[in-house]
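To start, the structure under review is shown below, and the notes come after it.
None of the figures in this text is laboratory data; all of them are computed from the coordinates on show. Small disclaimer: the values here were computed from a predicted structure and weren't measured. Cβ coordinates were reconstructed from backbone atoms using ideal geometry, including for glycine residues, and neighbour counts include every protein chain displayed.
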Amino acid sequence: MKHLLKMSDLSKIEIIEILNLADQLKYELKHNIPHRHLEGKTLGMIFQKSSTRTRVSFETGMYQLGGNALFLSSRDLQIGRGEPVQDTARVLSRYLDGIMIRTFEQKEVEDLANNGNIPIINGLTDYCHPCQVLADLMTIREYKGQFDGLKMCYIGDGNNMANSLIVGGLTVGMEVSCACPDGYRPDQTVLDFAKDYEGKFTLTESPLEAAANADVLFTDVWASMGQEGEAEIRRKAFAGYQINDEVMAAAKRDAMVQHCLPAHREEEITAKVFEAHADEIFDEAENRLHAQKAVMVKLMKN
């Protein structure tokens with residue numbers, strides 16, 4: 001494991017190792033046990049998309065691990081003025097011990113990894129969101145104790161969250177169902193990946209069909225960052241693609257709910273369901289910190 005670029009880069013064993021380390025780091029933090037594994041290390045954080053959770057969790061995580069984090073806005077970098085990614089990668093590799101980048105195109109993340117010689121962590125692209133899904137899997141295991149025999153359901157846009165949840169859920173042994181409207185399906189590379197898990201993956205246009213007997217339900221906003229101009233079109237396309245009482249009734253009685261946040265109540269999820277599962281959702285948000293610390297230790301310690 002040299003980088004974290006997308007979920008399909010990780011084997012089941014690698015995911016479990018990351019989650020086990022995340023559990024350990026979380027325990028140590030809660031019990032005030034120092035774990036300064038990255039003493040003297042510096043992480044550069046490139047943001048071409050703004051964020052609350054990504055910036056705070058990575059910056060805090062590096063501090064707790066004994067290292068430093070540098071916030072690098074695209075407005076402050078030559079990459080924002082047209083410097084080739086490969087040049088940025090080669091320069092930053094001489095200053096930093098790792099880079100986390102949150103951007104639009106997956107190719108930009110891959111180019112950084114191909115042209116630099118330090119670990120690259122994908123903090124989000126339009127294609128995938130691996131750090132979030134590692135935190136999601138950590139939370140599922142905390143609540144359910146295992147992955148085998150569980151069914152994950154995703155309802156909404158076949159976006160970066162759907163792409164990474166499908167890959168991550170299938171890789172660790174879960175059954176995965178996905179309900180998306182026509183024209184908003186997950187990426188074809190992800191659907192091709194799922195073909196190797198015959199009988200474990202379902203794609204449908206019916207939220208109730210997808211939610212049937214689910215152990216955990218996921219959703220995301222109907223219009224992601226950069227899609228604000230499509231908000232009204234998407235609102236019509238996603239009408240009915242909501243986690244509500246009817247959908248919860250189709251799932252198992254003890255089903256948990258996850259949301260990567262921010263949540264738009266009464267759009268993709270009702271306020272009632274959100275508040276009933278708020279503890280699970282905010283545990284999930286907290287676990288971004290622990291899961292990302294585990295990734296950074298795995299990639300940057302040596």
- Grab every C-alpha pair in region 36-127, bin the distances at 5 angstrom width from 0 up to the longest one, and report whole percents. 3, 15, 26, 27, 18, 9, 2, 0
- What residue among Asn159, Asn287, Asn68 shows peak mean-square fluctuation when the chain is described by a Gaussian network model with Cα springs under 10 Å? Asn68
- Message: Could you identify which residue out of Gly173, Gly229, Gly156 has the top mean-square fluctuation in a GNM of the chain using Cα springs shorter than 10 Å?
- Response: Gly229
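In debye, nearest 20: dipole of region 89-158 around its Cα centre with unit charges on the Cβ of K, R (+) and D, E (-)?
On the way: 7 positive and 10 negative charges, 36 e Å.
Taking the Cα centre of region 89-158 as origin, the dipole is about 180 debye.
Stokes-Einstein at 4 °C, 1.567 mPa s, Kirkwood radius from Cα pairs: D for the chain in µm² s⁻¹?
Details: Rh = 19.5 Å.
The Stokes-Einstein estimate is 66 µm²/s.
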- Query: In region 135-166, which residues have a backbone nitrogen under 17 Å from the label point lying 7 Å from Tyr27's Cα in the Cα-to-Cβ direction?
  - Reply: 138-139, 141-146
- Item | Of Val167, Val56, Val247, the one that fluctuates the most in a GNM where the chain has Cα springs shorter than 10 Å | Val56
- Given Ser164, Gly44, Phe201, which one lies farthest toward the positive end of the charge dipole of the chain, if we put +1 on the Cβ of every Lys and Arg and -1 on the Cβ of every Asp and Glu? Gly44
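Would you work out the charge dipole size for region 36-127 about its Cα centre, treating the Cβ of every Lys and Arg as +1 and the Cβ of every Asp and Glu as -1, and quote it to the nearest 20 debye?
Numbers: 11 positive and 11 negative charges, 51 e Å.
For this selection, approximately 240 debye.
Once you keep just the Cα pairs under 8 angstrom separated by 6 or more residues, what percentage relative contact order results for region 68-119? Intermediate values should be presented prior to the final figure.
On the way: 34 pairs, mean separation 20.8, N = 52.
It comes to 40 percent, rounded to a whole number.
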- Message: Under a Cβ-only charge scheme (Lys and Arg +1, Asp and Glu -1), can you give me the dipole magnitude of the chain about the Cα centre, in debye to the nearest 20?
- Response: 960
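Across every pair of different alpha-carbon atoms, what Kirkwood hydrodynamic radius in Å does region 140-236 reach? Let's see the in-between values first.
Numbers: mean 1/r = 0.0728 Å⁻¹.
Computed over region 140-236, the radius equals 13.7 Å.
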- Query: Pairs Lys107/Lys293; Lys49/Lys195; Lys30/Lys252; Lys26/Lys195; Lys2/Lys107; Lys6/Lys236: which exceed 27 Å Cα-Cα?
  - Reply: Lys49/Lys195; Lys30/Lys252; Lys26/Lys195; Lys6/Lys236
- Item | Amide H within-cut-off set for Ala69, under 5 Å, with H built and near neighbours excluded | Leu43
- Task: Quote the convex hull volume per residue of region 72-172, based on C-alpha atoms, as a whole number of Å³.
- Result: 122
- Item | Inter-part distance where region 1-36 and region 279-294 are each reduced to a Cα centre, Å | 12
